[in-house]
Amino acid sequence: MSSLILKTLSNPYFVSMEKDAKTEAAKDNVNLTVAAGKEDGDTQTQISAIDNAISRGDKGILITENGNAVNTELAKARQAGLYVIALDTVPTPPSTVDITYGTDNEAAGKLIGQYAAAKLNGGKAVIAMLDLFNNQVVSVDIQRDHGFLEGMGISPGSTSLNGKEAKTGKYTGGKGDYVIACHQPTTGAIPGGKTAMENCLSANPNINVVYTINEPAADGAHQALQAAGKNKVMIVTIDGSCNYVNGLLKDGTIAADSAQYPGKMASIGVKTLASIARGGAKPTLPAGKDFINTGTALITANPVPGIDSQTPEKAASACWGS
């Protein structure tokens, strides 16, 4: 027996994890119990699910943490002999769990940054940075933001905070000039993306490149740009969901997207628990890493020579959600 404990089942990202975990569990003859928080940030429900897994005598737990408040219960689970795997995001500290399977978010950011720089081809970049938060530090927010800047050839100026890069300078080794027009929070949602983009346009109406933390934020940014009559702005983002791969990415509204594979994370996690329960070797981390990378790929309907990418049609075979 094993448990899959998700942040919430209202988000297609985590629904995809549930679906692929159940499919793999059926193949591997694993009795899988699924639990989820009532909403993002609901740690109490997750704590109860961990306690239930310990009481049942489960062999392992797969979890997408809603917050550090679950760490004490995960420690109890490991002390009781359960093998604990984090999915999607490395906990703080990473040693909270036995292993993490997730996206290299910095690498995903670099892919869309490299694409944007290549597409600009030396033209001036007036950049809007639409992040997740501006009042708390979250690893995925930092990694994606910094990865994009690094892909553009711009130093983030900090290893732990957003918004510390030089606001003007040269991108891609002096190839072109850039201006950072704004950093705005979106909470990763369509309304937040729309409001953030409106604020950025008020600060600088000449924005021609928009980085967003995820696809819903990109969708909201597009709506604000459309309302302002700005039809030639390059939007780049990260996620790879079926909804956007087959929609705004396919028609070129979103210029480029870096895919992540939540179902793959979950299915590999179930395989790992099944193998360990039957006496198999425990996975080990790659040198210098605190997680095992489940991959990413650049998706665009308008490829640039010298930048590896997939078409939306090809990416649709591995997208998630509906």
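The values are calculated or read from the model by the stated rules, or taken from the named source; none is laboratory data. All figures in this text were calculated on a predicted structure; none of them were measured in a lab. Virtual Cβ from ideal backbone geometry, glycine too; neighbours counted across all protein chains shown. SASA here: full protein model, heavy atoms, side chains in, ligands and nucleic acids out. Shrake-Rupley method; radii C 1.70, N 1.55, O 1.52, S 1.80 Å.
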Apply 1/(1 + (r/R0)^6) to the Cβ-Cβ distance of GLN223 and LYS314, taking R0 = 22 Å, and write down the FRET efficiency to the nearest 0.05.
-> 0.20
Relative to the first principal axis of the alpha-carbon coordinates of the chain, what is the inclination of helix 262-277, with its axis defined by its Cα atoms, in degrees from 0 to 90 and to the nearest 10?
-> 20 degrees
In the range 24-85, the trypsin sites (Lys or Arg not before Pro) that fall in loop regions by DSSP, at most 15 other Cβ within 10 Å | LYS38
Accessible area per residue, 1.4 Å probe, Å², for the range 89-151: what's the number?
-> 34 Å²
For the pair ALA26 and ASP42, how long in nm is the line joining their label points, each one 7 Å along Cα→Cβ?
-> 2.6 nm
Write down the Kirkwood hydrodynamic radius of the range 29-188, to one decimal in angstroms, obtained as one divided by the mean of 1/r over all alpha carbon pairs.
-> 17.8 Å
On a 0 to 90° scale, report how tilted helix 190-203 is relative to the longest principal axis of the chain, with both axes built from alpha carbons and the result rounded to the nearest 10.
-> 30 degrees
Just subtract the alpha-carbon distance of ALA166 and THR33 from 0.36 nm times their residue separation and send over the number in nm, one decimal.
-> 43.0 nm
Which of LYS27/LYS59; LYS27/LYS264; LYS164/LYS250; LYS232/LYS264 exceed 23 Å between C-alpha atoms? The answer is LYS164/LYS250; LYS232/LYS264
Listed residues VAL137, MET1, ALA255: farthest to the positive end of the dipole of the chain (Cβ charges) = ALA255
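Quick check for me: using +1 on Lys/Arg Cβ and -1 on Asp/Glu Cβ, what's the dipole size of the chain about its Cα centre, in debye to the nearest 20?
That gives the chain a dipole magnitude of about 420 debye.
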Return the carbon/sulfur percentage of the accessible area of the range 48-161, one whole number, probe 1.4 Å, all protein chains in place.
-> 47 percent
Using only alpha carbon positions, build the gyration tensor of the range 97-142, then give the equivalent ellipsoid semi-axes as the square roots of 5 times its eigenvalues, largest first, whole angstrom.
-> 27, 16, 5
Can you tell me the order of 118-131, 264-277 when each peptide is scored by its average per-residue count of other Cβ atoms within 10 angstrom, highest first?
-> 264-277, 118-131
Once the convex hull of the C-alpha atoms of the range 39-129 is built, how many Å³ does it hold per residue, rounded to a whole number?
-> 114 Å³
Most to least packed among 311-317, 158-164 [average Cβ atoms within 10 Å] | 311-317, 158-164
Long-range amide H partners of GLY60 with built H, under 5 Å | SER3, TYR83
Can you tell me the alpha carbon radius of gyration of the chain divided by the globular rule-of-thumb value 2.2 N^0.38 Å?
-> 1.02
Measuring with a 1.4 Å probe in the full set of protein chains, what accessible area per residue, in whole Å², belongs to the range 259-321?
-> 51 Å²
Stokes-Einstein diffusion coefficient of the range 109-195, Kirkwood radius over Cα pairs, 37 °C, 0.692 mPa s, in µm²/s | 252 µm²/s
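Give me the percent of the accessible area of the range 243-287 that comes from carbon and sulfur atoms, probe 1.4 Å, all protein chains in place.
On the way: 990 of 1920 Å².
Result for the range 243-287: 52 percent of the exposed heavy-atom area is carbon or sulfur.
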Modelled label-to-label distance, ASP51 and SER139, 7 Å Cα→beta-carbon offset: nm?
-> 2.6 nm
With N denoting the number of residues in the range 15-72, provide Rg(C-alpha) divided by 2.2 N^0.38 Å, to two decimal places.
-> 1.16
Starting from the range 1-92, pick out the GluC sites (Glu not before Pro) whose DSSP state is loop and whose Cβ has at most 16 other Cβ atoms within 10 Å.
-> GLU39
